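What follows is one structure encoded as structure tokens, with my remarks underneath.
The values are calculated or read from the model by the stated rules, or taken from the named source; none is laboratory data. Quick caveat, the model's predicted, so the values are computed rather than measured. Note: ideal-geometry Cβ built from the backbone for every residue, glycine included; neighbour counts use all protein chains shown. Quick note on the areas: whole protein, heavy atoms, side chains included, nothing else; ligands and nucleic acids left out. Shrake-Rupley method; radii C 1.70, N 1.55, O 1.52, S 1.80 Å.
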Amino acid sequence: MERDSSPSDQFHRYKNLIQNGDNPDITKERQGASFNLYNMQCFVYENDHKLQRRQEILEFVESHREFDDPVHPHFLNRDEQIDRATRKCLAMVDNLDAIDVTDYFDEAPLYQLLTIGRELHCLSLHYGMFLPTIQVHTEKSLILGPFQMAASKAILGTFAQTELGHGSNLSKLETTATYDATTKEFVIHTPTMSAGKWWPGGLGKSANYAAVMAQLYTSGESKGPHLFMVQLRDNAHAPLPGVTVGDIGPKLGNNANDNGFLIFDHYRIPRRNMFMKYSKVEADGTYIPPPHAKLGFGAMVLVRLLMIRDQTCQLGAAAVIAIRYSAVRHSAVRQGEINEGEGEVQILDYRTQQYRLLPQLARSFPSSQRMRSRNSTSKYVTKQINNNANMELLPELHALSSGLKAVITWEVAQGIEQLRLSCGGHGYSRASAFPDMYAYAVGGCTYEGENIVMLLQVARFLMMIAKEVRSGNPKLAEIAEYIAKPDAVTARISSWKTCSDEDIIHDFEAVTRKLIFATFDRLTTLERTMKKKEAWNACSIDLCKAARMHVKTYLVKNFLARVRTCEDPASRTVMHTLAKLYAFDLISGGGGHFMKGGFLSEKQFNEVQLGIYEMLAAIRPDSVALADSWAISDLELRSVLGRRDGNVYPALLEWAQQSPLNQN
Ligand SMILES: CCCCCCCC/C=C\CCCCCCCCCCCCC/C=C/C(=O)SCCNC(=O)CCNC(=O)[C@H](O)C(C)(C)COP(=O)(O)OP(=O)(O)OC[C@H]1O[C@@H](n2cnc3c(N)ncnc32)[C@H](O)[C@@H]1OP(=O)(O)O
Ligand SMILES: Cc1cc2nc3c(=O)[nH]c(=O)nc-3n(C[C@H](O)[C@H](O)[C@H](O)COP(=O)(O)OP(=O)(O)OC[C@H]3O[C@@H](n4cnc5c(N)ncnc54)[C@H](O)[C@@H]3O)c2cc1C
């Protein structure tokens, strides 16, 4: 799409953000900002082009009537929700020219949010996992066929892996794919009740194809889980003979998505329907193994990376809502006066409120930004794998994507809940958007790998590194280099104004290193008297703690590094304080780890606590502008409380009037 205005036009546009009808409190907040909003937004989105594209996509959606909602989606029942989302999906895919469809980190998710909202829908799995599976797992010479069909929606697919009896433990999936060399077909079968597929999105009603994970048997031998392309429904959309399929019913959220169940009765598919890019079954049944045993799990790694960005944006949006609302809300009771007799204050002025809001805002920045570079890492790794040249980076990427997925989805879900509480009663109304946000985000703690299970994968990686370091012959991945550094006895952290980034990083690395080696020692001691898996189970709470701390250290380092790249001095100053608040808040929350063995003294810990107070006060005048720096439009936010103009109360009344109970 052509760019139609220069950066200075854009600057003008953002300067004019403040309008006459806006709530006076929110206007005053914007006028008091210490930095130029446009410069900050360019930093947040990395360049003005990305910012401009957000505006263009917004204008596109706003100008197309087929994206309108005749009835507010909050007042629909489940059938109507599915109907609405499906209609929107059709309009969305009929207008894909509006976006760069290869941009799964920015343009595609934004477009989806603007058109449908915060919901998984009938096409989420088609775009989110089915297409990526085809891309990652189909042989080059064959890819055009299925990919073009899927991209042109001739087939609509899902990813069918989880079963009633097994989800996390892939190796125990029970669905079988048995090769029949006489007919050159695989027989897909559900041998037991617990082998029924359960959960795949879009399966219940929408998909006519699925990428199915099943245990491969060939020449009488079991070869572990493999992926197969399976047609489920005929041209009239009826289930094919041998296929039983349906919807699993309502869930905590994402109810516009028809998550489904699937049972196979000796259902036959051609040999070529196995995804054979890495492992193969020849016509005579000979099995050719993949160059790396876990290549078959590649699509999940990619989606975990996509989720990290997607989820962080949810936390950013939640912080925007709560901060804006806190600027226009005045406390209504006498004890709400900070100085008695001086009248009510904006709730944003309470230090406790700032402590609820600002660390969450800080949390929303680092991971969203670093994910762009992780995206290029994943592209790089995929390229290396495609050339069959280099598998060395795979464990690192798996550990990193699993760890970030687990820590971020948890922090996002908890953060949204904290922000909801910060808005009092109105936060409990769906008008606020928090209930939908939470229901959407908290699903991410479970899907694409249950969080504890993912943390234990990171722990495996860390224990392997610890063993190598102890053996004196480490081959260290970039994200783990600090584990081989010498021990540090005392912390360097001091007042937030004087301590350097290096001091903060030093302390995080030292504490994490200690935690990793303490856990490693405990594990190896236990292994002397127990079987390996028992020993692992016996110290798995510590293993998770070490894994979490490793990921948090990674996030702190990346946030500080990213702030250093900010060219605008005023924006850099505020972002730097926010990054330090992020780090200090983590230290405060993880005080036990930091103070263990006297590493962080009591005096230093007090400085951390005091620093948090001071940073909250320092950021307070910029908080609304920082929320605006996310550049989220009202259409994307979908929150009455978070509206950009701050005119919350009339909008709440207008919203409530749409309730069907008020129609007669
Ligand atoms: C083209 C047009 C586009 C247009 C677009 C326009 C429209 C826009 C629409 C969409 C836009 C997209 C927007 C993006 C938004 C993003 C949101 C996406 C939402 C998607 C919705 C998702 C819904 C959910 C789906 C699912 O949940 S699918 C099912 C997921 N299931 C799991 O994740 C299961 C978890 N379990 C596992 O992964 C494994 O079992 C395990 C826990 C990793 C254990 O592995 P396993 O082999 O079974 O056992 P071990 O013995 O422990 O491991 C052995 C060894 O292998 C290593 N390992 C394991 N996995 C990997 C791996 N993947 N890579 C590398 N290595 C791996 C493991 O570490 C061990 O190593 P060591 O022995 O060395 O320690
Ligand atoms: C909204 C949503 C959408 C989904 N979409 C899809 C989809 O499209 N396709 C699909 O195939 N699946 C989908 N799923 C399923 C999802 O991937 C699984 O639910 C997930 O992988 C977890 O597996 P599980 O449900 O079997 O949990 P379990 O593995 O049974 O977990 C239950 C508990 O056991 C613990 N646990 C399990 N294993 C271990 C271990 N080794 N060590 C320590 N603790 C352990 C977990 O930590 C957890 O506390 C979806 C799920 C949801 C909620």
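Can you give me the ranges of the helices (runs of 4 or more DSSP H) entirely in the range 17-104 with at least 1 residues that are among the aromatic types (Phe, Trp, Tyr) and within 23 Å of the chain's Cα centre (by Cα)?
Of the helices (runs of 4 or more DSSP H) lying wholly inside the range 17-104, those with at least 1 residues that are among the aromatic types (Phe, Trp, Tyr) and within 23 Å of the chain's Cα centre (by Cα) span 37-44.
Per-residue answers, yes or no, for (1) free of Cβ contacts under 8 Å to residues at least 24 places away in the same chain; (2) under 21 Å from GLY253 (Cα atoms):
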residue: TYR104; (1), (2): no, no
residue: GLY117; (1), (2): no, yes
residue: LEU123; (1), (2): no, yes
residue: PHE130; (1), (2): no, no
residue: GLN135; (1), (2): yes, no
residue: LEU142; (1), (2): no, no
residue: MET149; (1), (2): yes, no
residue: PHE159; (1), (2): no, yes
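Within the range 604-664, which helices (runs of 4 or more DSSP H) (wholly inside it) include 2 or more residues that are at pLDDT 95 or above and open to solvent by 30 Å² or more (accessible area, probe 1.4 Å)?
In the range 604-664, the matching helices (runs of 4 or more DSSP H) lie at 634-637, 648-657.
Output the residues belonging to the range 618-650 that are in contact (Cβ under 8 Å) with a residue 40 or more places away in the chain and over 30 Å from the mean Cα position of the chain (by Cα).
Selection gives ASN647 alone.
Can you pull out the residues in the range 130-150 that are within 24 Å of the chain's Cα centre (by Cα) and within 18 Å of MET92 (Cα to Cα)?
PHE130, LEU131
Given ARG522, ARG564, which one is assigned by TED's automatic domain parsing to the domain that holds GLY590 and either touching a residue at least 24 places away in the same chain (Cβ under 8 Å) or touching a strand residue (DSSP E or B) at 6+ places or on another chain (Cβ under 9 Å) (or both)?
Within the list ARG522, ARG564, the selection yields ARG564.
Suppose we keep only residues that are among the aromatic types (Phe, Trp, Tyr) and within 30 Å of the chain's Cα centre (by Cα) within the range 588-617. Which one would you say is farthest from GLN354 (Cα to Cα)?
Here the answer is PHE594.
I'm trying to understand the selection: among the residues of the range 148-173, which are in a loop (DSSP other than H, G, I, E, B) and either more than 13 Å from ligand 2 (Cβ to nearest atom) or touching a Pro at 6+ places or on another chain (Cβ under 6 Å) (or both)?
Once the filter is applied, which keeps residues that are in a loop (DSSP other than H, G, I, E, B) and either more than 13 Å from ligand 2 (Cβ to nearest atom) or touching a Pro at 6+ places or on another chain (Cβ under 6 Å) (or both), the range 148-173 yields SER152, LYS153, ALA154, ILE155, LEU156, LEU173.
Taking the condition of being more than 12 Å from ligand 2 (Cβ to nearest atom) and assigned to a strand (DSSP E or B), how many residues in the range 215-259 meet it?
Residues meeting the conditions: 20.
State whether one or more residues within the range 580-600 are farther than 20 Å from ILE505 by Cα, at pLDDT 95 or above and surrounded by fewer than 20 Cβ atoms within 10 Å (Cβ to Cβ).
For the range 580-600, residues farther than 20 Å from ILE505 by Cα, at pLDDT 95 or above and surrounded by fewer than 20 Cβ atoms within 10 Å (Cβ to Cβ): absent.
Among the residues of the range 426-434, is there at least one that is away from ligand 2 (no atom under 16 Å from the Cβ), surrounded by fewer than 22 Cβ atoms within 10 Å (Cβ to Cβ) and in a loop (DSSP other than H, G, I, E, B)?
yes
Only one of GLU119, GLU174 is of a type in the set (D, E, K, R), open to solvent by 30 Å² or more (accessible area, probe 1.4 Å) and within 19 Å of the chain's Cα centre (by Cα). Can you tell me which?
GLU119
If we scan the range 173-183, do we find a residue that is within 10 Å of ligand 1 (Cβ to nearest atom), out of contact with any Leu (no Cβ under 7 Å at 6 or more places or on another chain) and modelled with pLDDT of 90 or more?
Checked the range 173-183: at least one residue is within 10 Å of ligand 1 (Cβ to nearest atom), out of contact with any Leu (no Cβ under 7 Å at 6 or more places or on another chain) and modelled with pLDDT of 90 or more.
Determine, yes or no, whether LEU58 is more than 16 Å from ligand 2 (Cβ to nearest atom), of a type in the set (A, V, I, L, M, F, W, C) and within 20 Å of ILE632 (Cβ to Cβ).
Yes, satisfied.
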